[in-house]
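Accompanying notes for the structure given below.
The values are calculated or read from the model by the stated rules, or taken from the named source; none is laboratory data. Owing to the predicted nature of the structure, the values given are computational and were not obtained by experimental measurement. Note that we place each Cβ from the backbone using ideal geometry, even for glycine, and neighbour counts take in every protein chain shown. Each accessible area value is taken on the protein alone, full model and side chains, heavy atoms only, with ligands, DNA and RNA left out. Shrake-Rupley method; radii C 1.70, N 1.55, O 1.52, S 1.80 Å.
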Amino acid sequence: QVQLIESGGGLVQAGGSLRLSCAASGRTLDNYFMGWFRQAPGKERECVGVIGWSGGRTRNADAVKDRFTISRDNVKSTVYLQMNSLKPEDTAVYYCAATRVPYRLGASVYDYWGQGTQVTVSS
(Lines give C-alpha, C1' and ligand atoms only; values in the text may rest on other atoms or scores of the structure.)
Protein backbone atom coordinates (compact mmCIF):
# COMPACT_ATOMS: atom_id res chain seq x y z
CA GLN A 1 0.00 0.00 0.00
CA VAL A 2 1.23 3.49 -0.89
CA GLN A 3 0.00 6.64 0.81
CA LEU A 4 0.47 9.91 -1.08
CA ILE A 5 0.22 13.38 0.42
CA GLU A 6 0.35 16.51 -1.74
CA SER A 7 1.39 19.93 -0.49
CA GLY A 8 2.41 23.31 -1.83
CA GLY A 9 -0.84 24.53 -3.28
CA GLY A 10 -2.15 28.02 -2.72
CA LEU A 11 -3.19 31.29 -4.29
CA VAL A 12 -0.90 32.88 -6.86
CA GLN A 13 -1.23 35.65 -9.42
CA ALA A 14 -1.16 34.92 -13.13
CA GLY A 15 2.41 34.61 -14.35
CA GLY A 16 3.61 33.35 -11.00
CA SER A 17 5.04 29.99 -9.96
CA LEU A 18 4.32 27.25 -7.48
CA ARG A 19 6.01 23.98 -6.65
CA LEU A 20 3.87 21.10 -5.52
CA SER A 21 5.25 18.15 -3.60
CA CYS A 22 3.92 14.65 -3.27
CA ALA A 23 5.35 12.65 -0.39
CA ALA A 24 4.90 8.89 -0.32
CA SER A 25 4.81 6.58 2.67
CA GLY A 26 4.06 2.96 3.25
CA ARG A 27 6.16 1.68 0.40
CA THR A 28 9.05 2.89 -1.68
CA LEU A 29 8.17 4.60 -4.94
CA ASP A 30 10.80 2.60 -6.82
CA ASN A 31 9.33 1.01 -9.95
CA TYR A 32 6.26 3.25 -9.83
CA PHE A 33 5.46 5.76 -12.52
CA MET A 34 4.15 8.93 -10.94
CA GLY A 35 1.54 11.15 -12.49
CA TRP A 36 0.23 14.59 -11.68
CA PHE A 37 -3.43 15.24 -12.41
CA ARG A 38 -5.73 18.16 -11.96
CA GLN A 39 -9.47 18.64 -11.78
CA ALA A 40 -11.24 21.95 -12.15
CA PRO A 41 -14.86 22.43 -11.03
CA GLY A 42 -17.25 20.88 -13.52
CA LYS A 43 -14.45 19.30 -15.55
CA GLU A 44 -12.99 15.85 -15.80
CA ARG A 45 -9.73 14.95 -14.14
CA GLU A 46 -6.84 15.37 -16.57
CA CYS A 47 -3.23 14.34 -16.45
CA VAL A 48 -0.63 17.10 -16.68
CA GLY A 49 2.37 14.78 -16.76
CA VAL A 50 4.04 11.54 -15.85
CA ILE A 51 7.56 10.70 -14.72
CA GLY A 52 9.33 7.40 -14.98
CA TRP A 53 10.53 5.52 -11.96
CA SER A 54 14.15 6.59 -12.46
CA GLY A 55 13.25 10.20 -13.14
CA GLY A 56 15.08 10.21 -16.46
CA ARG A 57 12.05 10.54 -18.68
CA THR A 58 8.87 12.51 -18.45
CA ARG A 59 5.76 12.94 -20.53
CA ASN A 60 3.76 16.15 -20.27
CA ALA A 61 0.34 17.12 -21.53
CA ASP A 62 0.38 19.61 -24.39
CA ALA A 63 -1.43 22.28 -22.37
CA VAL A 64 1.43 22.54 -19.87
CA LYS A 65 4.40 21.20 -21.80
CA ASP A 66 6.51 24.35 -21.77
CA ARG A 67 5.45 25.54 -18.32
CA PHE A 68 5.31 22.58 -15.95
CA THR A 69 8.19 20.28 -14.99
CA ILE A 70 7.97 17.02 -13.09
CA SER A 71 10.87 15.67 -11.07
CA ARG A 72 11.34 13.10 -8.35
CA ASP A 73 13.68 12.21 -5.51
CA ASN A 74 13.43 8.50 -4.79
CA VAL A 75 15.63 8.81 -1.71
CA LYS A 76 13.04 11.15 -0.20
CA SER A 77 10.14 9.28 -1.81
CA THR A 78 8.89 12.61 -3.11
CA VAL A 79 7.69 13.80 -6.51
CA TYR A 80 7.53 17.44 -7.49
CA LEU A 81 5.55 19.53 -9.96
CA GLN A 82 7.16 22.86 -10.76
CA MET A 83 4.58 25.16 -12.32
CA ASN A 84 5.71 28.35 -14.01
CA SER A 85 3.88 31.06 -15.96
CA LEU A 86 0.63 30.08 -14.30
CA LYS A 87 -2.65 31.02 -15.92
CA PRO A 88 -6.13 31.35 -14.44
CA GLU A 89 -7.13 28.24 -16.38
CA ASP A 90 -4.60 26.26 -14.34
CA THR A 91 -6.87 26.70 -11.31
CA ALA A 92 -7.79 23.23 -10.08
CA VAL A 93 -7.24 20.65 -7.39
CA TYR A 94 -3.97 18.90 -8.16
CA TYR A 95 -3.42 15.24 -7.36
CA CYS A 96 -0.48 12.91 -7.56
CA ALA A 97 -0.93 9.25 -8.34
CA ALA A 98 1.13 6.09 -8.74
CA THR A 99 1.02 3.28 -11.27
CA ARG A 100 3.22 0.51 -12.59
CA VAL A 101 1.95 1.15 -16.14
CA PRO A 102 4.53 3.19 -18.07
CA TYR A 103 3.85 6.80 -19.11
CA ARG A 104 0.08 6.63 -19.31
CA LEU A 105 -2.02 9.79 -19.09
CA GLY A 106 -5.30 8.02 -18.36
CA ALA A 107 -6.42 8.06 -14.76
CA SER A 108 -7.84 4.53 -14.82
CA VAL A 109 -4.43 2.83 -14.66
CA TYR A 110 -3.34 4.61 -11.50
CA ASP A 111 -3.62 2.56 -8.33
CA TYR A 112 -2.85 5.07 -5.58
CA TRP A 113 -4.00 8.67 -5.22
CA GLY A 114 -3.34 11.55 -2.87
CA GLN A 115 -6.07 13.72 -1.40
CA GLY A 116 -5.24 16.71 -3.59
CA THR A 117 -4.06 20.26 -3.07
CA GLN A 118 -5.87 23.38 -4.30
CA VAL A 119 -4.14 25.72 -6.74
CA THR A 120 -5.86 29.01 -7.49
CA VAL A 121 -4.49 31.43 -10.06
CA SER A 122 -5.91 34.93 -10.01
CA SER A 123 -6.00 37.17 -13.07
Relative to the present Cα-Cα distance, how much length would full extension add between Ala61 and Asn74 at 0.36 nm per residue of separation? 2.4 nm
Which whole-number percent gives the relative contact order of the chain, counting Cα pairs below 8 Å spaced six or more residues apart? 36
Alpha-carbon gyration tensor eigenvalues x 5, square-rooted, for the range 79-123, Å: 24, 11, 9
Estimated FRET transfer efficiency when R0 is 30 angstrom, pair Ser54-Glu89 (beta carbons, to 0.05): 0.40
Could you pull out every Cys in the chain that lacks a partner Cys with its beta carbon under 4.7 Å away? Cys47
Using the crude model of +1 on Lys and Arg Cβ and -1 on Asp and Glu Cβ, and no other charge, please compute the dipole size for the chain relative to its Cα centre, in debye to 20. 180
Under 18 Å by backbone N from the virtual spin label 7 Å along Cα-to-Cβ at Arg19, the residues of the range 71-90 are 71-86
Per residue, in Å², the accessible surface of the chain once ligands and nucleic acids are set aside, probe 1.4 Å: 50
Long-range Cα-Cα pairs in the chain (distance over 26 Å), rounded percent: 12
Carbon/sulfur accessible area of the range 1-100, % of total, 1.4 Å probe, equals 45
Asp30 versus Gln115: modelled label distance in nm, points set 7 Å from Cα along the beta carbon direction: 2.9
